[in-house]
Amino acid sequence: MNYFEAIIIAIVEGLTEYLPISSTAHMGFTAALMGMEESEYLKMFQVSIQFGAILSIVVLYWRKFFDLKNLSLYLKLAIAVIPALVLGKLFDDKIEAVLGNQVAISAVLVLGGVILLFVDKWFKNPTITDEKDIPIKKALIIGFWQCLAMMPGTSRSAASIIGGLTQGLSRKAAAEFSFFLAVPTMLAVTVYSIFVKTWGEGTPQAQKGYEMIMASQENIMVFIIGNIVAFIVAMIAVKTFISVLTKYGFKFWGWYRIIIGIVLLFYFWNQ
């Protein structure tokens, strides 16, 4: 992977990680359309640059993240992330197997778009407008909803936001709690992909993520640049998304998913 490819993939990650349109799908599509060779390093890179996107949320919402008077936030996030940690470990191999199936991911993108067209009509009367008012039980339920995103193309953001809406959260509160929940979730996934997971297990080229990163000066720079770009772009995307979501709801994102998904479905079907 060269610097240009890394920057493009990181821009896509930053733009899509917190939008309900699936960052995994968009990074996979982008890599395929650019003719990038599918490799263990590419898969690891797509996961590890989430670290940059994580930092964007911590920076944007630093007052809440470092508010020691609001310790209940840490408890809610700790409980809500448990389902993803457990099920993610159990289904890791199956999830990885789907990552290269662009036809299946395109179909999921379309299906998710159809659902988003109706979300605003289904959840009209929120009862919770602030994260502080979310009971622990509801936080856990949102955590289970987040697990739907284990199917590439679903979107972690969409799954957890819709989960929040089912629990009576307003659009803004659901989106922000989804962002907060992304921090421990994606941090765990990033640490696992870099330090624990053996990529290409069972092959002569099997390596830990950090071994691939440290294999060359270029790999180190690609990793650093990717995270910096993802951080900057994600900050812009989050601020824009909150504004658009509050004013217009989910319909725009639903139509986007449907159109892009259909186009890509036809493209990859004929490959």
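Worth pointing out:
- Screening segment 5-82 for helices (runs of 4 or more DSSP H) wholly inside it with 1 or more residues that are out of contact with any Gly (no Cβ under 6 Å at 6 or more places or on another chain) and without any contact (Cβ under 8 Å) to a residue 40 or more places away in the chain returns the ranges 23-33, 40-48, 62-65, 71-80.
- Among the candidates VAL114, VAL191, residue that is modelled with pLDDT of 90 or more, closer than 30 Å to SER39 by Cβ and out of contact with any Lys or Arg (no Cβ under 7 Å at 6 or more places or on another chain): VAL191
- Output for segment 176-188, where each listed residue is modelled with pLDDT under 90 and under 22 Å from ASN125 (Cα atoms): GLU176, PHE179
Let's see how each residue does on (1) in a helix (DSSP H, G or I); (2) more than 30 Å from ILE259 (Cα to Cα); (3) under 18 Å from the mean Cα position of the chain (by Cα):
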site: VAL114; (1), (2), (3): yes, no, no
site: PHE118; (1), (2), (3): yes, no, no
site: LYS124; (1), (2), (3): no, no, no
site: LYS132; (1), (2), (3): yes, yes, no
site: LYS137; (1), (2), (3): yes, yes, no
site: LEU140; (1), (2), (3): yes, yes, no
site: GLN146; (1), (2), (3): yes, no, yes
site: THR154; (1), (2), (3): no, no, yes
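- Subset of segment 1-60 (residues that are acidic (Asp, Glu) and either at pLDDT below 90 or closer than 24 Å to GLU201 by Cα (or both)): GLU17, GLU37, GLU38, GLU40
- ALA234 being in contact (Cβ under 8 Å) with a residue 24 or more places away in the chain, touching a Lys or Arg at 6+ places or on another chain (Cβ under 8 Å) and either not in a helix (DSSP H, G or I) or not hydroxyl-bearing (Ser, Thr, Tyr) (or both): no
- Among the candidates ALA158, ALA173, residue that is within 15 Å of the chain's Cα centre (by Cα) and either assigned to a helix (DSSP H, G or I) or modelled with pLDDT under 90 (or both): ALA158
The values are calculated or read from the model by the stated rules, or taken from the named source; none is laboratory data. Just so you know, these numbers come straight off a predicted model, no measurement behind them. Note: ideal-geometry Cβ built from the backbone for every residue, glycine included; neighbour counts use all protein chains shown.
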